[in-house]
Amino acid sequence: MSEKREAFVTLATNDSYAVGAFVLGNSLRNVKTTRELVVLITDEVTHHYRYRLRHVFDIVKLVDPFDSGDEKHLRLLGRPDLGITLTKLHCWRLTEFSKAVFLDADTLVIGNIDDLFTRPELSAAPDVGWPDCFNSGVFVYKPSMQTYQTIVAFALQFGSFDGGDQGLLNEFFNTWATSDINTHLPFTYNMTATSAYWYAPALNRFSKDIKVVHFIGALKPWHHLYNKDTGHLDLNEKFQEGQQPFLTNYVQRWWEIYTASVNKLPSEVSMQSPVVLLKYDFNLLYVRYLLLIVF
Ligand code: UDP
Ligand code: GLC
Ligand code: MN
C-alpha cells in the first residue's frame, strides 16, 4: 500500500509574494514539519525566485492565474490587487495528497502545526473582521478534482462577495460557522496581526501559544527595510503607528528567518546562471532558454 502523503501548500503569483513563500517554507522547516512542502506559482515568478523556492519546497508547481476581475467588491475590500487570490483554488488539484493545509505566503510559522492534519475539510480560524466568516489565509482541506470543479463552477455562477477567495470559500463552505466545532481552528493557528481592534489582555494571556502569524493587509514584512548586519528594522512609514506594537517583533522575526535562509543558499551569483537553473529546473522552458543563449 502506498504511503499516505500530506502537504503544506502556499501560493505566489509574483516575486514579491515569492519572497513571502520562501520565508514561510523556511519557517516550516525550522519547526521540523514531517510533511511535504508545495508552492504554486504562476508564470510571472522569475527564474531567480523559482530557484530560491526550489531550495525549500519539495514541489514548485506552475499553475494558470485566476483573477476575479471584480473591481467593485475588491474596492470595498480595500485591496484591488486581490482578485488574483482565486488562483488558490488550484490547491484542490493536488490529489497526490490525501490531506493538505493551505497557508498564505504572508504567514510565518513559529511553532509546529503538523497536528492540523487531523482536522476535517474545511477547517479554518475566524476572520477578525467578521468572526462568522473564516479567514482563508490558513485552512485544512482535502484535495479532490471533484471539489475543485464544483468550486470553480460555483465561482463562475455566483462570484465572490469580496472579489477574492475568502468571500467565495465562505459561501461555498457555508456551514462552517454553525456546524462542526472541529472545523474551527484556534486563533493561535492564524493570528491575524494587523486589525484595528486588538484584545490586549488576551494577547497577554495567549501570545505564548501563537503558532502562525498572518501579516494581513497591504503592508507585508518585505515592505520594511532591514539592515542584515546590525539587525535594525526600519519600519515603513505607512505602518500604522501604535496599532500593534508587538507585531514589530514578528516582523523582526520574519526578517531574521529571511536573512538566515538566504545565507544558506549557494552563491547568489550562480543563481542567475541558466546552466545552474537547467540543473535544478529541468523543464522545457529552461531548455528553450538555454538553447537561445547557446545558439
Ligand atoms: N497572492 C499572490 N499574489 C498577489 C496577491 C496575493 O500570490 O498578487 C497570494 C499570496 O499567497 C497571498 C494570498 O494570495 O498571501 C492572499 O493575499 P494577501 O495575503 O495579500 O491577503 P491578506 O491576507 O492581506 O488579506
Ligand atoms: C483575506 C485573507 C486572504 C484572502 C483575501 C481575499 O483577508 O486573509 O487570505 O486571499 O481575504 O479574499
Ligand atoms: Mn494573507
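Assorted remarks:
- Residue in the stretch 127-134 that is away from ligand 2 (no atom under 15 Å from the Cβ), in contact with a strand residue (DSSP E or B) (Cβ under 8 Å, 6 or more places away or on another chain) and not basic (Lys, Arg) present: no
- Residue match in the stretch 142-153 (condition: assigned to a loop (DSSP other than H, G, I, E, B), in contact with a His (Cβ under 9 Å, 6 or more places away or on another chain) and polar (S, T, N, Q)): no
- Candidate set: the stretch 1-34, residues that are outside any helix (DSSP H, G or I) and touching a Phe, Trp or Tyr at 6+ places or on another chain (Cβ under 6 Å); chosen: the one nearest to ligand 3 (Cβ to nearest atom): Val9
- Pairing residues of the stretch 142-171 that are basic (Lys, Arg) with residues that are away from ligand 3 (no atom under 16 Å from the Cβ) and open to solvent by 10 Å² or more (accessible area, probe 1.4 Å), at Cβ distances under 7 Å and at least 6 apart in sequence or on separate chains, gives Lys142/Lys99; Lys142/Glu121.
- Unmet criterion (only one of (1) touching a residue at least 60 places away in the same chain (Cβ under 8 Å); (2) within 16 Å of ligand 2 (Cβ to nearest atom); (3) farther than 26 Å from Tyr258 by Cβ; (4) open to solvent by 20 Å² or more (accessible area, probe 1.4 Å)) for Phe187: (3)
- Total residues in the stretch 69-89, condition away from ligand 3 (no atom under 16 Å from the Cβ) and surrounded by 14 or more Cβ atoms within 10 Å (Cβ to Cβ): 2
- Any hit, the stretch 114-131, residues being open to solvent by 20 Å² or more (accessible area, probe 1.4 Å), within 19 Å of Glu36 (Cβ to Cβ) and outside any helix (DSSP H, G or I): yes
- Considering only residues in the stretch 211-230 that are touching a residue at least 12 places away in the same chain (Cβ under 8 Å) and more than 16 Å from ligand 2 (Cβ to nearest atom), the one that is least open to solvent (accessible area, probe 1.4 Å) turns out to be His224.
- Unique match (being hydroxyl-bearing (Ser, Thr, Tyr), touching a residue at least 24 places away in the same chain (Cβ under 8 Å) and in a loop (DSSP other than H, G, I, E, B)) among Thr87, Thr95: Thr95
- If the condition is being more than 9 Å from ligand 2 (Cβ to nearest atom) and acidic (Asp, Glu), then the stretch 73-126 contributes Asp81, Glu96, Asp114, Asp115, Glu121.
- Top-ranked residue of the stretch 49-68 - restricted to ones that are in a loop (DSSP other than H, G, I, E, B) and among the aromatic types (Phe, Trp, Tyr), ranked as surrounded by the fewest Cβ atoms within 10 Å (Cβ to Cβ): Phe66
The values are calculated or read from the model by the stated rules, or taken from the named source; none is laboratory data. Since the structure is predicted, the reported quantities are computational estimates derived from the model, not experimental observations. Glycine gets a Cβ as well: all are built from the backbone with ideal geometry, and neighbour counts include every protein chain shown. We work out accessible area using only protein heavy atoms, side chains counted, and drop any ligands, DNA or RNA first. Shrake-Rupley method; radii C 1.70, N 1.55, O 1.52, S 1.80 Å.
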